[in-house]
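Structure, as structure tokens:
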Amino acid sequence: MIRYLFVLALSFYLLPLLINDTGSGMMMLLVVIPLICLVSSFFYGIRYSFNKWFAIIVAALFTPTIFLFYNYSAWVYIVGYGIIALIGNSIGMILYKQGK
């Protein structure tokens with residue numbers, strides 16, 4: 001799980017450094033980071049099946065970024081990224097079960 005969470009931590013903590021304006025910020029928060037979250041969760045699900053703790057850790061991992069890079073209005077992304085992680089992990093689980 002550490003490898004997949006490391007990729008997410010890099011995207012949560014390094015990609016915001018590339019934000020120049022509101023447009024690039026919205027692109028990061030609404031497209032780039034969710035896509036990385038979905039793909040990482042998907043591959044985790046394929047490899048290890050479903051794990052609800054993965055989504056909870058993803059949400060917890062994003063939480064400090066609100067105070068570092070964003071403002072209080074970004075709290076909804078905690079829930080959103082947790083749900084995206086659950087979706088990716090669930091889809092990966094289906095492929096995990098088909099492979100067995």
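Each value in this text was obtained by applying a stated rule to the coordinates, not by laboratory testing. In this text, all values refer to a predicted model and were calculated from it rather than measured experimentally. In this analysis, Cβ positions are derived from the backbone assuming ideal geometry, glycine residues included, and neighbour counts consider all displayed protein chains.
Results, tabulated for the structure shown:
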| item | result |
| --- | --- |
| Qualifying position, being over 16 Å from L15 (Cα atoms), under 13 Å from the mean Cα position of the chain (by Cα) and among the β-branched types (V, I, T), among I56, I36, I46 | I56 |
| Filter result for F62 (of a type outside the set (K, R), touching a helix residue (DSSP H, G or I) at 6+ places or on another chain (Cβ under 6 Å) and closer than 30 Å to K97 by Cα) | yes |
| Selection from the stretch 1-29 of residues that are farther than 16 Å from V58 by Cα and either in contact (Cβ under 8 Å) with a residue 40 or more places away in the chain or in a helix (DSSP H, G or I) (or both) | P16, L17, L18, I19, T22, G23, S24, G25, M26, M27, M28 |
| Given (1) surrounded by 15 or more Cβ atoms within 10 Å (Cβ to Cβ); (2) under 16 Å from N89 (Cβ atoms), number of the condition R47 does not satisfy | (1) |
| Residue in the stretch 77-87 that is of a type in the set (V, I, T), out of contact with any helix residue (DSSP H, G or I) (no Cβ under 6 Å at 6 or more places or on another chain) and either part of a loop (DSSP other than H, G, I, E, B) or without any contact (Cβ under 8 Å) to a residue 24 or more places away in the chain (or both) present | yes |
| Within the stretch 34-44, tally of residues that are free of Cβ contacts under 8 Å to residues at least 40 places away in the same chain and surrounded by 17 or more Cβ atoms within 10 Å (Cβ to Cβ) | 1 |
| Residues of the stretch 65-77 that turn out to be surrounded by 17 or more Cβ atoms within 10 Å (Cβ to Cβ) and among the β-branched types (V, I, T), as a count | 1 |
| Some residue of the stretch 16-27 being under 22 Å from I2 (Cα atoms) and touching a Cys at 6+ places or on another chain (Cβ under 8 Å) | no |
| Any hit, the stretch 53-71, residues being in contact (Cβ under 8 Å) with a residue 12 or more places away in the chain and not in a helix (DSSP H, G or I) | yes |
| Any hit, the stretch 42-50, residues being within 29 Å of Y96 (Cα to Cα) and outside any helix (DSSP H, G or I) | yes |
